[in-house]
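J.: Okay, handing you the structure first.
The values are calculated or read from the model by the stated rules, or taken from the named source; none is laboratory data. Remember, predicted model here, so these are calculated numbers, not experimental data. Cβ atoms come from the backbone with ideal geometry, glycine included; neighbour counts cover every protein chain shown.
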Amino acid sequence: MIRKLICVLLCVVLSISIVSCGSVKPNEADAEDTYTDAPEVPEETNEIEVHVIEKEEIEISQTIENSADGEHAVEADGESLSYTNTAVSKTGDSSGDEADFYGENSAVFATGGGSLDLSEMVITTDGTHANAVFCYGEGTSVTIRDSVIETSGNCSGGIMTTGGGTMNAVGLNIHTTGNSSAAIRSDRGGGTVTVSGGSYVTDGKGSPAIYSTADITVSDAYLESTSAQGIVIEGKNSVTLNDAELVADNNSKNSSKSSWFQAVMIYQSMSGDAAEGMSSFSMTGGSLTNKNGDIFFVNNTATEIFLSGAAIINEDVDGAFLRAAAAGWGREGSNGGQVTLTADRQAIEGDMLVDDISNLNLILMNGSVFTGTINPDGEEGEVYVEIDGKSKWTLTADAYITSLTCDEGAVDLNGHRLYINGELYDGSASQGERIQVKASSGSGHGGSGSPPPGGKRPG
């Protein structure tokens, strides 16, 4: 089968100049592992091959259509079914929770502990709340391979998982054009979603490439949003990217709750659709390109961000690398962001802004380089920075933090000033203490903010 081949060549060059000569060794590195001169860090080349299947390459042997409001074209309720080389077409409309949470009106639907095995499918929907492939409920599973999915109506995701279902996707080509229509989508009850290969593109307002109220892992894939955030994580859920390419151009607003644009948004809406607690975002290898605004925005939740060897580029020179701040979700005065950001052999460029009800632990390890500042306008939220013997922070403006652990020479002041708890830092070894992040847990009910018609979506 002929496939269009997208080859993305990512070159991540970490240029590090480190002098380690203090008595403090945050990670107790061996003597031979501690740099005393500027090290030569090898150029890393990550070649990502993303195979994108096209409709014309799929030989269709049968067609299944459904145009009735609320119904399905293909359904597996407590049974195991398989389809291959099949075109599925769905029109007709639905609304609200029955569609978003429980799968009403989806083209392809599995529930009740059933399973679907799909390959070389062409699935199209044109209706409101007409998700393409929907997996609902614990014990229910869907596996779909080498298929094309297109949705054009609002609130119509590509692959959708709720209620604890399991979704496995390999080599898909998904394109959604409606509003609130993530390519990889989940909602109340979440589940487990594993995606390998393929292309996942969204064009609508409030339509990120990934909307997670589940545990979602994407590997060796291309992700793009042309209007919304690239990725949104709500509540106690996760997104893991392995050697994936993400391009985000968040240029439209779905609500007035926030005035900032961003590539990755991590928040808690308090609508009851996602449990409260620690969320996570992990990115290993691959690339993230942001067209507008900030890279990361964290609001009204606690999260762990892990970055390792990813090429992260912000094309908006005024955007921050990280913003942890209050917005329109949650209870005023306690709805900031709590972040632990760990960089492992990672280059970071850009500012980090932490407002007075938010906090940040920034951990630089294994040759990571941070070029930027933290809260350049003055002291606000608590910020702890930890730099191991191989890593370095170069200031681009004055910075204000609360606590620092590092060897002497780990911070290049670069002509600027660093204040620690209001005291001017002199470049010596320092020993600080991490901030204790308090992640709440519960059902997610309560607080402020209810989902708008058609299901809540971020600003």
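J.: Among the numbered conditions (1) more than 30 Å from ALA274 (Cβ to Cβ); (2) at pLDDT 95 or above; (3) of a type in the set (Ser, Thr, Tyr); (4) surrounded by 12 or more Cβ atoms within 10 Å (Cβ to Cβ), tell me where SER106 comes up short.
T.: Unmet condition: (1).
J.: Is it the case that ASP407 is farther than 25 Å from ASN300 by Cβ, among the acidic types (Asp, Glu) and touching a Phe, Trp or Tyr at 6+ places or on another chain (Cβ under 9 Å)?
T.: The answer is no for ASP407.
J.: Take the range 264-280 and flag every residue that is closer than 22 Å to LEU241 by Cβ, buried (at least 22 other Cβ atoms within 10 Å of the Cβ) and touching a residue at least 40 places away in the same chain (Cβ under 8 Å).
T.: Answer for the range 264-280, where residues must be closer than 22 Å to LEU241 by Cβ, buried (at least 22 other Cβ atoms within 10 Å of the Cβ) and touching a residue at least 40 places away in the same chain (Cβ under 8 Å): MET265, ILE266, TYR267, GLN268, ALA274, SER279.
J.: What strands (runs of 3 or more DSSP E) completely inside the range 203-277 contain at least 3 residues that are under 16 Å from LEU307 (Cα atoms) and not polar (S, T, N, Q)? Steps first, please.
T.: Details: elements: 210-212, 215-219, 222-225, 231-234, 238-242, 245-248, 262-267.
It comes to 262-267.
J.: Being crowded, with 24+ Cβ neighbours inside 10 Å, hydroxyl-bearing (Ser, Thr, Tyr) and either without any contact (Cβ under 8 Å) to a residue 24 or more places away in the chain or touching a strand residue (DSSP E or B) at 6+ places or on another chain (Cβ under 6 Å) (or both), is that true of even one residue in the range 401-424?
T.: No: the range 401-424 contains no residue that is crowded, with 24+ Cβ neighbours inside 10 Å, hydroxyl-bearing (Ser, Thr, Tyr) and either without any contact (Cβ under 8 Å) to a residue 24 or more places away in the chain or touching a strand residue (DSSP E or B) at 6+ places or on another chain (Cβ under 6 Å) (or both).
J.: Take the range 282-293 and flag every residue that is in a strand (DSSP E or B) and surrounded by 24 or more Cβ atoms within 10 Å (Cβ to Cβ).
T.: Of the range 282-293, the ones in a strand (DSSP E or B) are 282-284, 287-290.
Across the range 282-293, the qualifying residues are MET283, LEU288, ASN290.
J.: While we're on this one: Restricting to the range 175-185, and then to whatever is assigned to a strand (DSSP E or B) and without any contact (Cβ under 8 Å) to a residue 40 or more places away in the chain, can you tell me which residue is surrounded by the fewest Cβ atoms within 10 Å (Cβ to Cβ)?
T.: Going through the range 175-185, the residues assigned to a strand (DSSP E or B) turn out to be 175-176, 184-185.
Then keep just the ones that are without any contact (Cβ under 8 Å) to a residue 40 or more places away in the chain; that gives 175-176, 184.
On the way: HIS175: 17, THR176: 30, ILE184: 29.
Of everything passing the filter in the range 175-185, HIS175 is surrounded by the fewest Cβ atoms within 10 Å (Cβ to Cβ).
J.: Kindly indicate which of ASP146, ASP93 is over 22 Å from VAL170 (Cβ atoms) and touching a residue at least 40 places away in the same chain (Cβ under 8 Å).
T.: Numbers: ASP146 fails: over 22 Å from VAL170 (Cβ atoms).
ASP93 is the lone residue from the list that is over 22 Å from VAL170 (Cβ atoms) and touching a residue at least 40 places away in the same chain (Cβ under 8 Å).
J.: Here are the criteria: (1) in contact with a Lys or Arg (Cβ under 9 Å, 6 or more places away or on another chain); (2) closer than 12 Å to TRP260 by Cβ; (3) without any contact (Cβ under 8 Å) to a residue 40 or more places away in the chain. Tell me which single one ALA327 does not satisfy.
T.: The number of the failed condition is (3).
J.: Report whether or not SER196 is surrounded by fewer than 18 Cβ atoms within 10 Å (Cβ to Cβ) and at pLDDT below 95.
T.: no
J.: Does the range 294-322 hold any residues that are assigned to a loop (DSSP other than H, G, I, E, B), without any contact (Cβ under 8 Å) to a residue 60 or more places away in the chain and within 15 Å of the chain's Cα centre (by Cα), and which are they?
T.: Listed by number, the list holds a single entry, PHE321.
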